[in-house]
C-alpha cells in the first residue's frame, strides 16, 4: 500500500508513540524534518504529522495524541462517506488497512433530515447519490472478503462533525479514514475533524477532486 512512511523527528514519549503507530502499519519508515512542505512524495507515501500540513498532495496520518492504534476485535476502522467520490477514495485506502489490521469496517453517513419524511431511520433520509455510493462501497467490501466484517451506519445528526465524533466513540474506532482533494478549501469536514477527532485520522489525497 505505502512504500514508505515519513515520520518527523520527535524525541521522548512523543517520538516513541509515533514510532509505535508506524510499526503497526508494517511499512518501511523514514525519519524526515519537522518541516515537510518541500519533501518529495508519491502516491505510495504516507506522512505522519502532529497537525494537518498545508500541502494536500500526500496521504497524512494524524495521531491526534494517540501513541498506538487500538487493534482489538472490539474496535473498527471508520470510513465516513457522502454523495461524492471522497468516500470511495477513502475506502481504497481503508479497506486494505482493515484487512491487514484485522478490524471491522464501519461505513458512516450523516443524512440531512428531510422535512417530508417522518422517520427516525437515516436510510429514509439519504440522497440517491449517497445511496449509490453506499452500494459501491458495499461491493468493494464484498470483493475484499469483508462481507461479515463490514457494516453501514446511516443516521441524522445535528452536524456532520458531531455525527462522526459520536460514531467514532460509539463504535470504538481505532482509526478514521477520509479523503480530500487538491481544490478543497479550508473549512471542509476533513479540516474540521483534523482539529477535534477523538481517534487517529488518516487523510487520503484525492486527485482531481
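Cα axis of helix 12-25 to longest principal axis of the chain: angle in degrees, 0 to 90, nearest 10?
Once rounded, one gets 60 degrees.
Based on DSSP H runs of at least 4 residues, each adding -39500 (n - 2.57), what is the mean residue ellipticity at 222 nm of the chain after dividing by all its residues, to the nearest 500 deg cm²/dmol?
Numbers: 5 runs with 65 residues, N = 209.
Value at 222 nm, helices only: -10000 deg cm²/dmol.
So what's the angle, to the nearest 10 degrees on a 0 to 90 scale, between helix 86-101 and the longest Cα principal axis of the chain?
Approximately 60 degrees, to the nearest ten.
With a/c under 1.5 counting as rounded, go ahead and sort region 76-200 into rounded, prolate or oblate using the C-alpha gyration tensor (a ≥ b ≥ c being the square roots of the eigenvalues; past the cut-off, prolate if a/b is larger than b/c, else oblate).
Values: a/c = 1.43, a/b = 1.17, b/c = 1.23.
Because its axes are fairly even, with a/c under 1.5, region 76-200 counts as rounded.
Within a 10 angstrom radius of the beta carbon, how do 71, 46, 77 rank from fewest other beta carbons to most? Can you show the working numbers first?
On the way: 71 14, 46 23, 77 29.
Lowest count first: 71, 46, 77.
Given (i) 1.00; (ii) 1.17; (iii) 1.21, which label gives Cα Rg over 2.2 N^0.38 Å as computed from the coordinates?
Here Cα Rg over 2.2 N^0.38 Å agrees with entry (i).
Counting only DSSP beta bridges with both residues in the chain, what percent are antiparallel, rounded to the nearest 5?
On the way: 3 of 33 bridges.
Here the share of antiparallel DSSP bridges comes out near 10 percent.
Hey, what angle do you get for helix 160-170 against the long axis of the chain, alpha-carbon based, 0 to 90 degrees rounded to 10?
80 degrees
Each value in this text was obtained by applying a stated rule to the coordinates, not by laboratory testing. Note that the structure is a prediction, hence the values are computed from the model and not measured. No Cβ is skipped: glycine too gets one built from the backbone with ideal geometry, and neighbour counts run over all protein chains shown.
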